[in-house]
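The values are calculated or read from the model by the stated rules, or taken from the named source; none is laboratory data. Bear in mind the structure is a predicted one, so any value in this text is a computation, not a measurement. Glycine also receives a Cβ, built like all others from the backbone with ideal geometry; neighbour counts cover every protein chain displayed.
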Amino acid sequence: MQLSDKKAKLSVSDGGPEIEFPIYKGSVGPDVIDIRKLYGGTGMFTYDPGFLSTASCESSITYIDGDKGELLYRGYPIEQLAVKCDFLDVCYLILNGDLPDAAQKLDFDQQVTRHTMVNEQLHFFLRGFRRDAHPMAVLTGLVGALSAFYHDSTDISNPYHRHVSAIRLIAKMPTLVAMAYKYSQGQPFIYPQNNLSYTGNFVRMMFATPCEEYKLNPVVEKALDRIFILHADHEQNASTSTVRLCGSSGTNPFAAIAAGVACLWGPAHGGANEACLQMLEELQANGGVAKVGEFMEQVKDKNSGVRLMGFGHRVYKNYDPRAKLMQETCKEVLSSLGLENDPLFKLAMELERIALEDPYFVERKLYPNVDFYSGIVQRAIGIPTSLFTAIFALARTVGWIAQWNEMLSDPDYKIGRPRQLYSGSVSRDVKR
Ligand code: CMC
């Protein structure tokens, strides 16, 4: 942390002492006021629901400039990573701080590839779920259950254990997601195949059957790889903060990542792409493009409770750089699969056109986010809507585990324990 020359001063209007707080500079982005001495000095807490003004940690993994629409992993712009790297390059980068050279890449790819199988007993664990269970319910359970199978990598004070658990989580997530899908379809599980790429292997485990040879479509492989890259990390979002908070108690990495999966499920976070596609399908069933205007009126009416899913972002207030890249992929996939005239895609484009012109959205700086397009891409590939968030979880696992690791290596690391502004009853007696 680099100390700034500036200092922040706080004086409370009741004549109490004036307190000075140090300010730290980041390498880029807003400075932070170090208020750790606030409570000791004033007896007061800060009040910041949703943490809109709070830097919860120091991190060197991901940088977002929401006003500029900039996203960097370890300093590299997402636009370059998305076109010049594959997902495992990005995993290596996020975990280790730099892109791998050829030898490092070969070694890393091999390590991940060698950990893609899951303990056979997990198949029986999975079989305990109902076949119509939501994949995120299944995934939360499966990821948590990994800690019951891989005891040999749960010592968080051992850097080698932390490394192995990171590799295991990254390697096994595609296998678990594909297993959850196959189970919902009543189809046999497809085992990983080591001669395929990380993403190619996932596509095969999803769509192959034992009855015939599976031929990979490189456009589909590339599109999913890009989805993985764009979702790999995103600073201190809700699920990442959940992983850090959960992990701060010293729990094992599988348990901490399971908490992240559970958080991601919500429609305001990773569940947005599923919710977005459901919204498009409903709109399509109720009149399609002709009814977009009416639908938008509902969205703008606060009492309707309807939100335009796939629009808006807590941090990006000009545009989501991932959305631009995803829109490109969306066009590529639809054209390669001969789906350019897909009515849902046309509907999405019409919604986007209206929203980008409508003062309601313009004034509130609401733009399409990555999930507006990623749902359309996944649907075109043949991934069922209910699996979208599980795919997001697969991609985000590397970010979660890197952030968890960073937290444990931080000398200032403490168990997370926010306080509150209490407004309940004051102390009273039980009158009985
Ligand atoms: N549709 C309609 N109105 C909206 C929307 C939307 N999607 N998003 C925000 N608003 C309005 C909101 O009603 C409020 O209006 P007013 O100022 O009149 O009260 C204003 O815009 C600010 O909204 P907010 O809820 O305070 O904004 P936020 O920054 O807290 O919320 C958000 C961000 C992502 C939760 C929200 O935009 C949303 O619910 N979007 C739809 C869900 C979605 O697509 N989420 C995916 C985010 S990208 C994936 C990820 O990174 O996890």
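Worth pointing out:
- Sole residue being within 16 Å of the ligand (Cβ to nearest atom) and out of contact with any Pro (no Cβ under 6 Å at 6 or more places or on another chain), chosen from D31, D86, D67, D101: D67
- Checked against the criterion of being farther than 29 Å from K302 by Cβ, within 17 Å of the chain's Cα centre (by Cα), of a type in the set (G, A, S) and more than 15 Å from the ligand (Cβ to nearest atom), the candidates A402, A393 yield just one match: A402.
- Being basic (K, R) and under 23 Å from the mean Cα position of the chain (by Cα) is true of R74.
- Considering residues of the stretch 359-379 that are surrounded by fewer than 23 Cβ atoms within 10 Å (Cβ to Cβ) and in a helix (DSSP H, G or I) only, the residue farthest from the ligand (Cβ to nearest atom): R379
- Checked against the criterion of being of a type outside the set (D, E, K, R), in contact (Cβ under 8 Å) with a residue 24 or more places away in the chain and either in contact with a helix residue (DSSP H, G or I) (Cβ under 9 Å, 6 or more places away or on another chain) or surrounded by fewer than 16 Cβ atoms within 10 Å (Cβ to Cβ) (or both), the stretch 31-38 contains not a single residue that satisfies it.
- Evaluation of A395 against the conditions (1) in a helix (DSSP H, G or I); (2) farther than 17 Å from N273 by Cα shows that the sole unmet condition is (2).
- Candidates V203, V177, V220, filtered to the one that is crowded, with 19+ Cβ neighbours inside 10 Å, hydrophobic (A, V, I, L, M, F, W, C), within 30 Å of Y316 (Cα to Cα) and over 18 Å from the mean Cα position of the chain (by Cα): V220
Residues are listed down the side, and each one gets a yes or a no for (1) at pLDDT 95 or above; (2) within 27 Å of A232 (Cβ to Cβ):
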{"position": "Y24", "(1), (2)": "yes, yes"}
{"position": "V32", "(1), (2)": "yes, yes"}
{"position": "T42", "(1), (2)": "no, no"}
{"position": "P49", "(1), (2)": "yes, no"}
{"position": "E58", "(1), (2)": "yes, yes"}
{"position": "I61", "(1), (2)": "yes, yes"}
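- Which listed residue is in the same structural domain as G399 (by TED's automatic domain parsing) and either closer than 14 Å to P174 by Cα or surrounded by 18 or more Cβ atoms within 10 Å (Cβ to Cβ) (or both), from L106, L99, L126: L126
- Among the candidates L344, L356, L408, L387, residue that is within 16 Å of the chain's Cα centre (by Cα) and part of a helix (DSSP H, G or I): L387
- Cβ-Cβ under 6 Å pairs, at least 6 apart or on other chains, the stretch 352-368 side over 15 Å from V315 (Cβ atoms) and not assigned by TED's automatic domain parsing to the domain that holds L308, far side assigned to a helix (DSSP H, G or I) and within 10 Å of the ligand (Cβ to nearest atom): none
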